[in-house]
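Below is one structure; the comments refer to it alone.
The values are calculated or read from the model by the stated rules, or taken from the named source; none is laboratory data. Remember, it's a predicted structure, so these values are computed and weren't measured experimentally. Reconstructed Cβ throughout: ideal geometry from the backbone, glycine too, with neighbour counts over all protein chains shown. Heavy atoms of the whole protein, side chains included, go into the accessibility calculation; ligands, DNA and RNA do not. Shrake-Rupley method; radii C 1.70, N 1.55, O 1.52, S 1.80 Å.
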Amino acid sequence: MAAPFILAFILGGMMENSLRQSLTISGGSWNIFLTSPLAMSLIVLTILAVIVPAWRVRSKRKKENTQIGM
């Protein structure tokens, strides 16, 4: 359980510096994260990683409720 916190503690500072550097290079525009195909791919994968499990749980519950009601 502590591994994610340790990882975040170690990598958090490096990620913050990289974000700051990227925003400095782009003149403060967040569009730099939307123009790169690699960045867009990672954003889409992140969104799918959040939505798909939630959709599966909802689908499973709906299926269970349908079977109970029969």
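Out of the range 20-38, which residues are part of a helix (DSSP H, G or I), modelled with pLDDT under 90 and either among the aliphatic types (A, V, I, L, M) or open to solvent by less than 100 Å² (accessible area, probe 1.4 Å) (or both)?
32, 33, 34
I'd like the full set of residues that are open to solvent by 70 Å² or more (accessible area, probe 1.4 Å) and in contact with a helix residue (DSSP H, G or I) (Cβ under 8 Å, 6 or more places away or on another chain), limited to the range 39-70.
40
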